[in-house]
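Working notes for the structure below.
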Amino acid sequence: MTSYRDEHAREHLNEHHFEMPAGFADGPTEGMSNVVYWWLSMALLVTPQQVQAQRLWQMSVRILSNETADGFDEDRWDILEDWLARAFKDISAGLPSTMAKPIRAAARLRTLDAIEAARHAVLHSDEVAAESAFDDERGPFTSLYWALDGWALFTSQYARPAADRHPEVLRSAANAAAELTPLRRTAPLTHNVDGLLTSLAFPRSNPKRADGRRSARRDPSPLTDGLY
C-alpha cells in the first residue's frame, strides 16, 4: 500500500462526515456485526427508496441488523473484496476500450496501483470531460470515477492486517456499489446487490476461493436474487 493511499484514506475519514441513517448514531446494535454496521449505514442512504420499500429488502435488512454478531467479519471483508472486483469486471463489458482495459486489469490484479491506474484512465477520458462540460455530476462515467475511488479506499484498508483496518471505509464500498448503478443498464452484474445482502448475512454459506478466502459467488436465492 502506498503512502499516498494512506494519506487519502485519512483525509477521507477526517474530512468527509457523512450522515448516518436513523438508528445508527450510537454504533451497532447487539445483534449486528461491525462490518454490517458500516456497510449498511451507507447502503441505507444510497439505495433507491423503491427498492427499500420492497418487503424482501426489508427482511434482508432485519436479518443483517439482528443476526450477524457471529464473529465472521473477516469473511465479510473477503466477500466484499471479491464482490467489488467481480462487479467492476462485469461493468467493463459495456465501457469504451480505453476504460475497459485498465478496469479489467484492476479486477484481475486487485492492487491499489492497478485500481489507481483505472481511476486515472476514467478521470482523463473524453466521456468524463464531456459530462464535466455540461456540469453533469451524476453522469454514468463520473459515477464510475467515484465508484473506483470508493474501491481504492476499501482496498487501501483491506491490504492491512484485519486489526489495523479503518472499518469506516466499508461505507465507500457500499457507495461504490450504488455509483455503478447507471452502468448496470448496459452491463448487468453477475452478482447483484441483493445477493451481496444474503452473502453478508450468511457468509459461511459462500464457497472459498483457491486462496482460502470467501468468495462472493453463492447459490442463487429465489427470495432475494433479482431484487436489486
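Remark on region 17-139: ratio of C-alpha radius of gyration to 2.2 N^0.38 Å is 1.30.
Working note: Karplus 6.51/-1.76/1.60 with θ = phi - 60° gives region 95-105 the couplings 9, x, 4, 5, 9, 4, 5, x, 6, 5, 5 Hz, where Gly and Pro are set to x. Checking every one of the GluC sites (Glu not before Pro) in region 120-157 against DSSP loop status and a limit of 14 other Cβ atoms within 10 Å picks out GLU137. For region 96-155, the set of chymotrypsin sites (Phe, Trp or Tyr not before Pro) satisfying both a DSSP loop assignment and a count of at most 11 other C-beta atoms within 10 Å is given as PHE134. When you filter the GluC sites (Glu not before Pro) in region 23-111 for DSSP loop state and at most 12 other Cβ atoms inside 10 Å of their Cβ, you are left with GLU30. Simple point charges give the picture: +1 on the Cβ of Lys and Arg, -1 on the Cβ of Asp and Glu, and for the chain a dipole about the Cα centre of about 920 debye. The length gained by stretching the chain between ARG108 and ASP164 to full extension, at 0.36 nm per residue less their Cα-Cα distance, is 17.7 nm.
For the pair THR186 and MET59, the difference between a 0.36 nm per residue extended length and the Cα-Cα distance amounts to 42.8 nm.
If R0 equals 30 Å, the separation of the Cβ atoms of ASP26 and ARG204 corresponds to a calculated FRET efficiency of about 0.60.
Net length available on complete extension from ASP70 to ARG217 is 50.9 nm, with 0.36 nm assigned per residue and the Cα-Cα distance removed.
Take the alpha carbon gyration tensor of region 161-214, find the square roots of its eigenvalues, order them as a ≥ b ≥ c, and report rounded if a/c is under 1.5; if not, report prolate when a/b exceeds b/c, else oblate. Oblate. The angle between the Cα long axis of helix 170-179 and the longest principal axis of the Cα atoms of the chain comes to about 60 degrees, rounded to the nearest 10. Helix content alone sets the calculated 222 nm mean residue ellipticity of the chain: runs of n ≥ 4 DSSP H residues at -39500 (n - 2.57) each, divided across all residues, give -18000 deg cm²/dmol. Placing MET20, MET32 in order of accessible area, with the largest value first and a 1.4 Å probe, yields MET20, MET32.
Sorted by average packing, counted as other Cβ atoms within 10 angstrom per residue and highest first, what order do 33-42, 181-190, 115-124, 56-65 take?
Most protected by this proxy first, the peptides run 33-42, 115-124, 56-65, 181-190.
Cα gyration tensor of region 107-191, axes a ≥ b ≥ c as square roots of the eigenvalues: rounded (a/c below 1.5), prolate (a/b > b/c) or oblate? The shape class here is prolate. Given the choices (1) 0.99; (2) 0.94; (3) 1.54, Rg/Rh (Cα atoms, Kirkwood Rh) derived from the coordinates of this structure is entry (2).
The values are calculated or read from the model by the stated rules, or taken from the named source; none is laboratory data. In this text the structure is predicted, and so the values were computed from the model without any measurement. All Cβ positions, even for glycine, are placed from backbone atoms using ideal geometry, and neighbour counts span all protein chains on display. Side chains are part of the model used for accessible areas, which takes the heavy atoms of the whole protein and leaves out ligands, DNA and RNA. Shrake-Rupley method; radii C 1.70, N 1.55, O 1.52, S 1.80 Å.
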